[in-house]
Structure formats: structure tokens, C-alpha cells
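Following: one structure in C-alpha cells, then a few remarks.
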Amino acid sequence: MIVGNRKSFEEILEMIKPYRRVLLLGCNECVTVCAVGGEREVGVLASELRLWSAKEGQELEIREHTIERQCDHEYIDQIRSFVDEYEVILSMACGAGVQYVAEQYRTRIVLPAINTTFLGVTLEQGVWSERCQGCGTCILDKTGGICPIARCAKSLLNGPCGGASNGKCEVDKETDCGWQLIVDRLKELGQLDQYEEIIPIKDWSTSRDGGPRKRVREDSRL
Amino acid sequence: MRLHYPTNVKIAKIPCTGRVDNLLILKAFESGVDGVYLAGCLEGECHFLEGNLRARKRVEYVKSLLDEVGLGGARLEMYNMSSAQGQRFAEVAREMTEKIRALGPSPVRKKVKG
Ligand code: SF4
Ligand code: SF4
């Protein structure tokens, strides 16, 4: 899923300062699962904003609304009947959602309430961890199913580097060395011979280096 | 046992403090109360094992939210007591009342638009 962190209340206040009517828009997918931008978090931020405005004597109208996904226009369409009543949409979706809402309502200002951080997994209730950077050419088959792009601080294709110590990465003693994980896993799988093979220079044009990416599947187009 | 505790304390009964979610506490403040405290069972004695420990974590989190919005986290507290500690219950009610009185009325009292 896509994981994010909520922006600080102070930062949010600064963004919405010029406005009096705010539509706080949540998303039911990834950001709900990582407890940052679903219906509950919309409720909490709305409540904080109401408490703040009451305390400051500032006029501020907040409407709470959460849609299924902010990355599909069918769902974004569902707010069309009332979106014009608000000066600004404060979106609690990932950056993709924020942008897509803005694309559908070109006369509305759309602001991000969260910082989108990574593609990851739920380690345990309340803890999420990065796993993939969407490089466009997956090499998990060569690395024991552990991603060196996302889990090695240097995204080394042939590691570890000299900074690895006791299985931890040099950037942070709490962080596992991605390459140590790969070696351990290959050992477990009896595939250590794979480690001997040098992974060639990666073609980063399938990643961000090739510019914004797009996928078209002709057979599913209408 | 006929114990007296301040009449300003209004009790909201819940099955376990583990039921108290962040929004529930914020809503209480939106309704204009001056302070909120949770009276959970003693730590280690939760019928649902960890309800009261979770509640404490949420209280800490909501305190930080109250600080952010300028109401002050001190208006929210978590206490633990057993159902046999009536004296303690009355004592906490007095303690919290005094604390909130010192902080003054909530600055949002009756001002939140629903
Ligand atoms: S190799 Fe690329 S696609 Fe595969 S998990 Fe890593 S970043 Fe994601
Ligand atoms: S210590 Fe390991 S994870 Fe950290 S940069 Fe070096 S190889 Fe990558």
C-alpha cells in the first residue's frame, strides 16, 4: 500500500489560513489502512480544526467527506454536487489522489494534508515499513525476494557495502542492511550461487529517470 | 459507602477504556467540556487484557492534539483505579476538578459549530 504521514497541524493551518470554507476529503483505500487519511482521521483533523477555530474565534466551516478512492474519477465525481460550496479541498489522500482531485475540479484549490512517503507493508498494528520503489524492472527473482532498491540505503545492486556491520546499515543502527537480508534469505533458500552472479547495471529509464510513467492496456480500454 | 465527589463531574459509562477512541475524546471537548479524564481499571487487571493500556496511549496522543490546537493537553488525563476503590474515585474527581479549575474554562466552550 501507499503509506504517508499527516502533516503537522501548524503546517495545515498555514495552508488553509486564507480560507473559511474547507472540504476535508478522505480516501477509503491505502491511507485508511495506514491510519492517516481515512474517515477516522478525517474526523480527528476536522475536530481539531473546529476546536482551533472556536478557540481563536475564527470563522471556519469544515465539511467531512470520504470517498472510496481519490485516484479514480468515478469516485471523485461523487462530490461534484457540493464541491463548489467550498473554497478549498483539503485532501487526506496520497499525492496521486490530491492531484487527481485537482485535475477533476480545475477551479478548486486542492491542498495536501499528508506527506506521501512510501510503498510498504504493515509490520504490525501501527507500524509500516517500506518495501518497493516502483523501479519498473523488478529484480526480486535475483535477490531472494528482498528488494535492494528499496531496502538498501544506497540501492546497491551488488552489496553489501563496507558500511554494513552486524547486519545493520551504516545510515542507522536500527535499520537492517538490505543486502544482509538478501544474503541470509538466499542462504535459507539454498540459492547462494545466485549471489555470485553480478547483477548488471540497471536501466533506470523504466524508473523515474525515464520521466513520468504511464500504463496502457488496450484490451481493457472502452 | 456514601462518598461525595464534585457535582461538576459528569460520568459517561463505557464497557472498557479500550473502547475510547481518539475522536470520542475530541468530541467531548467539542461539546464544550473543560476537561476529560478516563477512569480505567488498574494496569494489569483489564478484563480485555490491554484495554486500559491502549487507552493510556490514546490519551497521550490526544493530549498532543490538544496541545496542537491550543487547548492544552493538561485538560485530559488517564487514571487507573479498581471498582473497589470508591475513595480513590472521589479523590481523583476532586483532584481533576481542582486542576481544571486552575486552568479555567475551556476556551471553546459553546463555541464549536456542530
Ligand atoms: S526491484 Fe524495483 S519493482 Fe522490484 S521491489 Fe524493488 S523497487 Fe520494486
Ligand atoms: S550497509 Fe547494507 S543497506 Fe546500508 S548502504 Fe551498505 S549495503 Fe546498503
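So, with +1 on the Cβ of K and R and -1 on the Cβ of D and E, and no other charges, what is the size of the charge dipole of the range B:17-104 about its Cα centre, to the nearest 20 debye?
Numbers: 12 positive and 13 negative charges, 17 e Å.
For the range B:17-104, the charge dipole is close to 80 debye.
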*Mind pulling the angle between the C-alpha long axis of helix A:39-56 and the longest principal axis of chain A? Nearest 10 degrees, somewhere in 0 to 90.*
50
*Quick one: ranking B:Phe48, A:Phe82, B:Phe89 by accessible area, 1.4 Å probe, largest first, what do you get?*
B:Phe48, B:Phe89, A:Phe82
*asked:* Between helix A:178-188 and chain A, what is the angle of the helix's C-alpha long axis to the longest principal axis, kept within 0 to 90° and rounded to the nearest 10?
replied: 50
*Please work out, to two decimal places, the log10 of the ratio I(q)/I(0) at q = 0.11 Å⁻¹ from a Debye calculation in which every Cα of the protein assembly as shown carries one identical scatterer.*
-0.90
_Extent along principal axes [Cα atoms of the range A:2-118; Å; largest to smallest]_ = 37, 29, 19
_Just want to confirm a number: the relative contact order over chain A, from Cα pairs under 8 angstrom separated by 6+ residues, in percent._
17
*Normalised by the residues of the range B:17-104, what does the relative contact order come to in percent, with Cα pairs under 8 Å and at least six apart?*
33
*Normalized C-alpha radius of gyration of the range A:133-206, against 2.2 N^0.38 Å?*
1.05
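Taking both sides together, what accessible area is buried at the A/B interface, probe 1.4 Å, expressed in Å² and rounded to the nearest 100?
Working: alone 13380 and 7600 Å², together 19570 Å².
Counting both chains, the buried surface is close to 1400 Å².
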*So for the range B:1-112, Kirkwood radius off the Cα pairs, Stokes-Einstein at 20 °C and 1.002 mPa s: how many µm² s⁻¹?*
148
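The values are calculated or read from the model by the stated rules, or taken from the named source; none is laboratory data. Everything numeric in this text was worked out from a predicted model, so none of it was measured. Note that each Cβ is placed from the backbone with ideal geometry, even for glycine, and that neighbours are counted across all protein chains shown. We work out accessible area using only protein heavy atoms, side chains counted, and drop any ligands, DNA or RNA first. Shrake-Rupley method; radii C 1.70, N 1.55, O 1.52, S 1.80 Å.
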